[in-house]
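Asks: Structure in C-alpha cells, see below.
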C-alpha cells in the first residue's frame, strides 16, 4: 500500500493524517518484495474492482433470464421446446421462444408461464399404453423446477448483495490516492481496523461470495428434475454465465488473499510484462503474446457454454514464449495437432446457427475463433523459430550475464 498524502493540518502545519514513510513501508514488506513491486500490486485492487463490477452485472442478468434449462415438455401428447428461468418458463422455438405458451398457460397474455402456476395446475395423468409415457408433463416436474429455482434465487440475491459490498469495499481501497478516500481510511484505522485487517475483511467477503455462487450452482443442478416428459434437460447459458462468474470470483479471491499473505512472487509477472512491452510490435514474438492472450480470453468466455480443458495447452505455450524453451514448443505442437484433428471432426458436425439458442451460438462462435487461432499460432511459431529465435537466445544469455555481473558488483 503506497504512503498516503498528508491530510489537513494541525498546529504548526503538522498533518492530521498519519503519513507512512517509504522506509517504514519497505521494512514491513515480506522478503523478496521491493517497493516498486508494491506500487504495481496496488493496481491489482483496481483490477479486482473491474472484475467485481462485471460479476455483479452478470449475476443480475442471469437471475431473470430464460436460459437456465432447455428441455422438451409435453402437452396433450405433443412435444414443445421449453426454456426455463428460475421462476418462469417460455415455450416455442429458438426464433420465437414464446410461440407455444398458450398450450401451457391458456387465458394469459404474458410472455412467460409462471412455474408456480404450472405446479398448481392439474393435468391428466394419462399414459400411452405402448410406451408408458405420459401425455402431459407431470405436475411434480414443474414443482421440482419451482423449488430449485426459488432456493437458487435466494442464494443468488444474497450473493448479489455480498458481491456489491465486496466490490464497493475493494473500489474504495483501490481509490486511496484520492485525498478524501484516504482520509476516510485514516479514520477507519484510528478505530482499530489496520490495513491488514481491512484486507482480511475483503478476502473474507470474496471467499463468502465464492461459496455462495458455488452453492447456487450445486443446489440448482442437484434439485432440478431429470426430464419434463421427453428426453433429458440441458443446462443452458445462464447456468454457464454463473459458472464464468465463479471462475472470476475465484480469481478475485486469490488476488485479495495474495495481497494478505504474498503467496506468489510478483517479480515473475513484472518480468513477463516487461518482456511483452519491450518486444517490438512488428515481430512474431509480439504476435505470439497477443494470440496467447486472445485465446486465453476466449477460453474463459467459453465457460458460459462448456469447459474446454484444451485451454491448459496455453500453459505450455506461455512457458515457451517466456523461456524460449524448445521442449515446451514440441510438447505444445504435439498436443495441439492432436486437438486440431479432433476439432476438425467437430467442426464438420456443427449444426447450422439457425438451429442454435443464443447461448449455443455464442459458444460455437468462440470455439470456431479458438480453432482458427490454433492454426495461426502454429504458423506464428514457425515464423518465430525461423526469424527471431536466435535473437531471443542472445537476449537470454545477455540477461544471465548482466545478472551475474550485477551480483559481483554488489558483492564487491
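The values are calculated or read from the model by the stated rules, or taken from the named source; none is laboratory data. Just so it is clear, the model here is predicted, and its values are computed rather than measured. Here the Cβ is made from the backbone with ideal geometry for all residues, glycine too, and neighbour counts use every protein chain on show.
Asks: It is to be established whether one or more residues within the range 315-334 are outside any loop (DSSP other than H, G, I, E, B) and closer than 30 Å to residue 58 by Cα. Please lay out each step first, then the result.
Replies: Of the residues in the range 315-334, the ones outside any loop (DSSP other than H, G, I, E, B) are 315-323, 326-334.
Next, from what is left, pick out any that are closer than 30 Å to residue 58 by Cα: 315, 318.
Looking through the range 315-334, at least one residue is outside any loop (DSSP other than H, G, I, E, B) and closer than 30 Å to residue 58 by Cα.
Asks: Pick from 156, 191, 151, 161: which is under 17 Å from residue 244 (Cα atoms) and either at pLDDT below 85 or out of contact with any strand residue (DSSP E or B) (no Cβ under 8 Å at 6 or more places or on another chain) (or both)?
Replies: Values: 191 fails: under 17 Å from residue 244 (Cα atoms); 151 fails: under 17 Å from residue 244 (Cα atoms); 161 fails: under 17 Å from residue 244 (Cα atoms).
That would be 156, the only listed residue that is under 17 Å from residue 244 (Cα atoms) and either at pLDDT below 85 or out of contact with any strand residue (DSSP E or B) (no Cβ under 8 Å at 6 or more places or on another chain) (or both).
Asks: Which of the residues spanning the range 218-242 are surrounded by 19 or more Cβ atoms within 10 Å (Cβ to Cβ) and part of a helix (DSSP H, G or I)?
Replies: Across the range 218-242, the qualifying residues are 220, 237, 238, 239, 240, 241, 242.
Asks: Where in the range 65-171 are there strands (runs of 3 or more DSSP E), lying wholly inside it, with at least 1 residues that are assigned by TED's automatic domain parsing to the domain that holds residue 237 and without any contact (Cβ under 8 Å) to a residue 40 or more places away in the chain?
Replies: Values: elements: 69-75, 78-84, 88-91.
Here the list reads 78-84, 88-91.
Asks: So residue 290 ticks every box in (1) at pLDDT 90 or above; (2) assigned by TED's automatic domain parsing to the domain that holds residue 204; (3) surrounded by fewer than 18 Cβ atoms within 10 Å (Cβ to Cβ) but one. Which box is left unticked?
Replies: (2)
Asks: If you don't mind, another one. Criterion first (crowded, with 21+ Cβ neighbours inside 10 Å and assigned by TED's automatic domain parsing to the domain that holds residue 199) does residue 55 satisfy it? First the steps, then the outcome.
Replies: On the way: crowded, with 21+ Cβ neighbours inside 10 Å: yes; assigned by TED's automatic domain parsing to the domain that holds residue 199: yes.
When the stated conditions are applied, residue 55 passes them.
Asks: Just to be sure I understand the filter: pairs with C-beta atoms under 9 Å, separated by 6 or more residues or on different chains, first member in the range 313-332 and in the same structural domain as residue 278 (by TED's automatic domain parsing) and farther than 17 Å from residue 382 by Cβ, second member modelled with pLDDT under 90 and in a helix (DSSP H, G or I). Which pairs pass?
Replies: 318/272; 322/268; 322/271; 322/272; 322/275; 323/396
Asks: For the range 216-225, does any single residue satisfy the condition of being touching a strand residue (DSSP E or B) at 6+ places or on another chain (Cβ under 9 Å), in contact (Cβ under 8 Å) with a residue 40 or more places away in the chain, more than 24 Å from residue 302 (Cβ to Cβ) and not assigned by TED's automatic domain parsing to the domain that holds residue 303?
Replies: Within the range 216-225, one or more residues are touching a strand residue (DSSP E or B) at 6+ places or on another chain (Cβ under 9 Å), in contact (Cβ under 8 Å) with a residue 40 or more places away in the chain, more than 24 Å from residue 302 (Cβ to Cβ) and not assigned by TED's automatic domain parsing to the domain that holds residue 303.
Asks: With the requirement that a residue be part of a helix (DSSP H, G or I) and either modelled with pLDDT under 90 or farther than 18 Å from residue 382 by Cβ (or both), what does the range 339-354 give you? Reasoning before the result, please.
Replies: Within the range 339-354, the subset part of a helix (DSSP H, G or I) is 339-349, 353-354.
Matches in the range 339-354: 341, 342, 343, 344, 345, 346, 347, 348, 349, 353, 354.
Asks: So, one more: Look at the range 265-304 and say how many of its residues are in contact with a helix residue (DSSP H, G or I) (Cβ under 6 Å, 6 or more places away or on another chain) and in a loop (DSSP other than H, G, I, E, B).
Replies: 2
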